[in-house]
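Colleague: Quick one: the structure is below, and I'll ask about it shortly.
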Amino acid sequence: MQGGAKVEEAADELTLLAERHLVQPWPVSGSIGAEARGRLEGGDGIYVTDAAGRKLIDGPAGMWCVNAGHRRKELAEVMAAQAMELSYNSPWYTTNAPAARLSGRLAGHAPDGLDHVFYTTGGSSAVETALRFMQFANNVKGRGEKKLIVSRQGAYHGSTYLSASLNGRPRDQDWMDGAGEQVVKLSCPNPFRRPDGVAAAEFCDYLVAEFLDVIETVGAERIGAFVAEPVMASGGVIVPPDGYLRRIRELCRQNDILFIADEVVTAFGRLGHVFASQEVFGLDPDMITFAKGVTSGYFPLGGVMIAGRLLEELRRSNHSEAMFAHGLTYSSHPVGCAVALKNLDLLEDGLLEHARSVSGHFQSSLKALEELPLVGEVRGMGLMACVECVADRVSNNPLTLDLEVGKRIDNHCQELGLLVRPLINMCVMSPPLTISTGQIDDMAAILRRGIELTMDDLVREGLWRG
Ligand SMILES: Cc1ncc(COP(=O)(O)O)c(C=O)c1O
């Protein structure tokens, strides 16, 4: 009894400490530095436990990252063992065995020619590295003008200055500064929200023509890179039209524009393969950025796969003094690389196959939610999906921002045992890859109930006619 009281007291203390001293990501100014978000206490497999003791399905796998699931003993043990062996080495002067081994294994999985890796601390720093590498390479080649970056509306590429400048969601940009003068944004390749008057079958042509127009207007000699998530993740799981990525890639090749595939979400099993670019989309990018699932979220690690050809070109240049002055204290971290190696073992030893085998059931179970009148579209690929709610299905008008329908659904689902990733009028689902078909059924049933309860609330509050 007394013990219980003590635990409760400690929990309240933690809430107060967080509220008083913790600044969380993406706060609104009205609550910045004064916010206690729901606290998680534990995790096991696809489940997490919150401070109230509720067991919840981890619908978004943390932040699209806990691919191998929570509480994997093998991953914890390998981290402890590596920390006891060599906890850190300076990548400026030395290297370590896990980094060397991991580089070889990743090169084996990446599309042909992407045989080098630069390690970072996460996805933003991976994108930042790829962009700075493009700038550096063009400087060395005497093409100082060729540095514009082409991104897309709806994209999310990170929270460092340059990577954030590529972001294409209005909420990400409105109150923040950025290097906008270095970026050109194309349309979001979202078939559900394609422009009026553009038929589905013509949408791909429309997007490709738009890119071609930018190349002709701006000039290929000024464009250094095109950056794209193969499936746009935080923008609402946008699966582009068939052939879109390959056609854009071809235009990049013809115009000597580097194609950077941002696979921070899509790699390490989310689409059933270590990298999705080649296996899923038939793409051969010049660089691939990755993070998140590379360690299943157990350690902050990211990186960029770089085509050896690009490095060879630099080596052949006569600029022996030109230095790629870019590095991170924790590049090639031995503990991160060790856990990534073990994580890769898990993926190769059945997890990729499992992800591929359950993804059809995952997609069809969620697709069935389109029966609900609040749901405008359910879309996805592999083990990532998005349920998009609309105020009415004729105009597909999204429910206005202040209704935050995703958050309402999440609140109900948490009561019922499921964590959802709410995104304005959308709910994004990307569970640990270990999820079974039975657990997918549980997840879909809770989500359905959460949406039904939200519909009831909206009608009762007079916000929606149903
Ligand atoms: C596609 C993509 N790129 C980059 C990032 C940034 O990664 P990080 O938060 O690890 O810096 C994210 C994060 O969600 C992402 O989804």
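Laboratory data are not the source of any read-out in this text; all were calculated from the coordinates shown. Every value quoted in this text rests on a predicted model; they were computed, and no experiment measured them. In this analysis, Cβ positions are derived from the backbone assuming ideal geometry, glycine residues included, and neighbour counts consider all displayed protein chains.
Colleague: Using only alpha carbon pairs under 8 Å that are at least six residues apart, calculate the relative contact order of the range 332-466 and give it in whole percent.
Modeller: Working: 182 pairs, mean separation 29.2, N = 135.
Normalised by residue count, the contact order of the range 332-466 is 22 percent.
Colleague: Set the Förster radius R0 to 25 Å, insert the Cβ-Cβ distance between GLN173 and LEU17 as r into 1/(1 + (r/R0)^6), and round the FRET efficiency to 0.05.
Modeller: Details: r = 32 Å, r/R0 = 1.29.
According to the calculation, E is roughly 0.20.
Colleague: What FRET efficiency, computed as 1/(1 + (r/R0)^6) with R0 = 56 Å and r the Cβ-Cβ distance, is obtained for VAL218 and ARG54, rounded to the nearest 0.05?
Modeller: Calculated transfer efficiency: 0.60.
Colleague: Hey, got the dipole for the range 367-466? About the Cα centre, +1 on K and R Cβ, -1 on D and E Cβ, debye to the nearest 20?
Modeller: It works out to roughly 160 debye.
Colleague: Further question: Considering Cα pairs under 8 angstrom that are at least six residues apart, work out the relative contact order of the chain and quote it in whole percent.
Modeller: 20
Colleague: Obtain the nm distance between the two label points defined at SER87 and GLU348 by a simple spin-label model: each point lies 7 Å from its Cα along the Cα-to-C-beta direction.
Modeller: About 3.0 nm, to one decimal.
Colleague: What is the packing order of peptides 121-132, 297-308, 234-245, 72-83, taking the mean over residues of other C-beta atoms within 10 Å and listing the highest first?
Modeller: 121-132, 297-308, 234-245, 72-83
Colleague: Let me check I've understood the local charge: for LYS146, count other residues with C-beta under 10 angstrom from its C-beta, Lys and Arg +1, Asp and Glu -1. What total comes out?
Modeller: +1
Colleague: A follow-up question, please. Calculate the translational D of the chain in whole µm² s⁻¹ from Stokes-Einstein, where the hydrodynamic radius comes from the Kirkwood formula applied to all Cα pairs, the temperature is 4 °C and the viscosity 1.567 mPa s.
Modeller: Numbers: Rh = 23.4 Å.
The calculation lands on 55 µm²/s.
Colleague: In µm²/s, what is D for the range 259-340 at 25 °C and 0.890 mPa s, where D = kT/(6 pi eta Rh) by Stokes-Einstein and Rh is the Kirkwood radius from Cα pairs?
Modeller: 172
Colleague: Name the helices (complete DSSP H segments) of the chain with a Cα length along the long axis of 30 Å or more and a Kyte-Doolittle mean of at least -0.5, or state none.
Modeller: Flagged H segments are 437-460.
Colleague: What distance in nm separates the simple spin-label points at ALA322 and ALA97, each placed 7 Å from Cα in the Cβ direction?
Modeller: Modelled inter-label distance: 3.8 nm.
Colleague: Residues with beta-carbon under 13 Å from that of GLY243, excluding GLY243: net charge, scoring Lys, Arg +1 and Asp, Glu -1? Walk me through the intermediate numbers first.
Modeller: Numbers: positive: ARG246, ARG247, ARG249; negative: GLU202, ASP205, ASP242, GLU250.
Surrounding charge for GLY243 is -1.
Colleague: Excluding residues on the same chain fewer than 8 positions from LYS292, give the lysines whose Cα lies under 23 Å from its Cα.
Modeller: Those lysines meeting the cut-off are LYS73, LYS342.
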